[in-house]
Amino acid sequence: MLYIDDRQTVDDSIHTVGFELMETRDLAVQAGPSIPWYQPLDRPSLSSDNFRSSTFGRSITHSSLRALEALRIVPQGMVRVSEILNFCAVAFVESGRLGIITPMYFFHARKPA
C-alpha cells in the first residue's frame, strides 16, 4: 500500500539509486466506469463468489475460528489474527473511499547503460 502523498518519495528514491524513471501512474485511478479496488472487501450482498470477503462472511469465519480455537483445533491466537484482518479490511475500504492510499502505483524504470 502506498499513501498518495508518498508517490514523490518513491519517484525520488528511484532516481537516487540511479534508475531512469520512464513512467508512473496510479492504476487504481481509471477513466470510465470501473470497480474501485476496495469493493471486493465491501460487498454487503451474498453470493458464492464474494461470501468470504463480505461483512457477513467475515463474521461467520471469525465465529467459526473462535469455536475452533476453543476446541484447540486451530492454534491459539487465530481469533486475534481474524480480528486484526477484519479491522484492516474495514480500514482499507474507508481509506480507499477517501482516496488516501493506493495499492496500484505503477512505475517503469530502467538502469542507464
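Taken together, the values in this text are just the output of simple stated rules run on the coordinates, not laboratory data. Keep in mind that what you see is a predicted model, and the values were worked out from it rather than measured. FYI the Cβ positions are ideal-geometry reconstructions off the backbone, even for glycines, and counts take in every protein chain you see.
Structure values in brief
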{"quantity": "FRET efficiency, Ala70 to Asn50 (Cβ-Cβ, R0 41 Å, nearest 0.05)", "calculated": "0.90"}
{"quantity": "Built amide H within the under 5 Å cut-off of Ala109, gap 5+", "calculated": "Met22"}
{"quantity": "His62 paired with Ser95, simple spin-label distance in nm, labels 7 Å along Cα-to-beta-carbon", "calculated": "1.9"}
{"quantity": "Degrees separating the helix 55-70 axis from the principal Cα axis of the chain, which is the longest one", "calculated": "60"}
{"quantity": "Helix 78-98 axis, angle to the chain major axis (alpha carbon atoms, nearest 10°)", "calculated": "50"}
{"quantity": "Dipole magnitude (debye, nearest 20) for the chain, charges at Cβ of Lys, Arg, Asp, Glu", "calculated": "500"}
{"quantity": "Highest average packing first - 14-27, 50-63, Cβ atoms within 10 Å", "calculated": "50-63, 14-27"}
{"quantity": "Rounded to whole Å, sorted largest first: equivalent-ellipsoid semi-axes of the chain, Cα gyration tensor", "calculated": "37, 19, 11"}
{"quantity": "At R0 = 25 Å, FRET efficiency that the Cβ-Cβ distance of Glu23 and Ala113 yields, to 0.05", "calculated": "0.85"}
{"quantity": "0 to 90° range, to nearest 10: angle between helix 7-16 axis and the chain longest Cα axis", "calculated": "50"}
